[in-house]
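> The structure's right below; bear with me while I get my questions together.
The values are calculated or read from the model by the stated rules, or taken from the named source; none is laboratory data. Computed from a prediction, not measured in an experiment: that's the story for all the values here. Here the Cβ positions follow ideal geometry from the backbone for every residue, glycine too, while neighbour counts run over all protein chains shown. The area values use the complete protein model at the heavy-atom level, side chains included, leaving out ligands, DNA and RNA. Shrake-Rupley method; radii C 1.70, N 1.55, O 1.52, S 1.80 Å.
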Amino acid sequence: MAPRPEHKKEACRVRLLLIGDIVGKPGRHIVARTLAGLIQSEGLDLVVANAENAAGGSGLTPANYQELIAAGVDCITLGDHIYRRREIVSILENRPNIVKPANFPPSSPGKEFAIVRARNGVDVAVVSLLGRVFMRPVDCPWTAADRVLAALPAELKVVLVDFHAEATSDKQLMGRYLDGRVSAVLGTHTHVPTADERILPKGTAFQCDVGMTGPYESILGRRVDRVLESTITFNPTHFEVATEDVRLLASVVDVDTDTGRATAIRRICVTQADVERLASLVAPPKRNVL
Ligand SMILES: [Fe+2]
Ligand SMILES: [Fe+2]
């Protein structure tokens, strides 16, 4: 009997998730509690997470890396806070599933791209780039994108780009620059999700920012009172990570593995109301300690 058309379509699809900037312990915990359930309920083949704020709100430690990988994250991207915790350097240099922004200087620790195998056997390239508008000075992201794409194996069709940038105009430009050349250009860094997810004309999924995974009763993840006081009085305070209204924000992209083109993109928001249901779907992962 001939396979039903929808079966044929399923066989050549890979479903990717990008989790927005994970902030501190609240962000790490909601990932650990819900990601296994999310992978099952959403049928995810590969999970990428931006973890530049995972360690107390800034940087990533080896223990945080292990915790996220144990939770089901397949590949980690970072951003301007990448080296805030120096101890992550050996992980960046030695593990195959974590990348630095490809437009950092060549001498900086870390790899320019990762190729990770999805649960359905499809190889996916993960690339991180840093914007230059209102950001620290870095090398040109456009030429870095060209260099990395030229270095990927010709047979590899599925490419996910995390564009870690401040300005929505910069992000739209990168989406258009890479339209038809990568499967998705998804933004991170602002910690604020945008409602502009779409498939660009040549088949690249795009969204300016997938948002933050952490406490939303906050200013970008930090305690409101501390940030307000420091901003208004110039009195220095410690920008402590907030604790309330913790959410996991991410976007799901379906990609046709024959063409590398995206066929769908949608936003996901896991709130506290969803945590117990998702946690009950799959036994929580054992936490690894290095
Ligand atoms: Fe950032
Ligand atoms: Fe961030």
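> Only one of these is touching a Pro at 6+ places or on another chain (Cβ under 9 Å) and more than 21 Å from LEU16 (Cα to Cα): VAL138, VAL227. Name it.
Step by step, each of VAL138, VAL227 is checked, and only VAL138 is touching a Pro at 6+ places or on another chain (Cβ under 9 Å) and more than 21 Å from LEU16 (Cα to Cα).
> Does at least one position in the range 181-194 carry a residue that is open to solvent by less than 70 Å² (accessible area, probe 1.4 Å), polar (S, T, N, Q), touching a His at 6+ places or on another chain (Cβ under 6 Å) and within 15 Å of LEU129 (Cβ to Cβ)?
Yes - at least one qualifying residue is present in the range 181-194.
> For the range 39-62, what are the residues that are within 11 Å of ligand 2 (Cβ to nearest atom), in contact with a helix residue (DSSP H, G or I) (Cβ under 8 Å, 6 or more places away or on another chain) and not in a loop (DSSP other than H, G, I, E, B)?
Selection gives ASN53 alone.
> Just a yes or no: is a residue in the range 195-213 loosely packed, with under 15 Cβ neighbours inside 10 Å and under 19 Å from PRO26 (Cβ atoms)?
So far as the range 195-213 goes, no, none of its residues is loosely packed, with under 15 Cβ neighbours inside 10 Å and under 19 Å from PRO26 (Cβ atoms).
> Can you say whether ALA167 is in contact with an Asp or Glu (Cβ under 9 Å, 6 or more places away or on another chain), modelled with pLDDT of 95 or more and open to solvent by less than 30 Å² (accessible area, probe 1.4 Å), as far as the supplied structure shows?
When the stated conditions are applied, ALA167 does not pass them.
> Whether any residue in the range 4-18 is at pLDDT 95 or above, within 16 Å of ligand 2 (Cβ to nearest atom) and not in a helix (DSSP H, G or I) is what I want to check.
Yes - at least one qualifying residue is present in the range 4-18.
> Go through (1) in contact (Cβ under 8 Å) with a residue 24 or more places away in the chain; (2) away from ligand 2 (no atom under 16 Å from the Cβ) for VAL99 and report which single condition fails.
(2) is the only condition that VAL99 fails.
> Only one of these is part of a loop (DSSP other than H, G, I, E, B) and of a type in the set (Val, Ile, Thr): THR259, THR231, THR263. Name it.
After ruling out the rest, the residue left standing is THR259.
> Within the group VAL89, VAL48, VAL73, which residue is within 16 Å of ligand 1 (Cβ to nearest atom) and either closer than 25 Å to GLY131 by Cβ or open to solvent by less than 10 Å² (accessible area, probe 1.4 Å) (or both)?
VAL48
> How many of the residues in the range 20-38 are open to solvent by less than 10 Å² (accessible area, probe 1.4 Å), away from ligand 2 (no atom under 16 Å from the Cβ), within 16 Å of GLN66 (Cβ to Cβ) and of a type outside the set (A, V, I, L, M, F, W, C)?
Going through the range 20-38 one residue at a time, the tally reaches 0.
> If I filter the range 154-209 down to residues being within 16 Å of ligand 2 (Cβ to nearest atom) and closer than 15 Å to ILE265 by Cα, which single residue comes out as nearest to the chain's Cα centre (by Cα)?
ASP162
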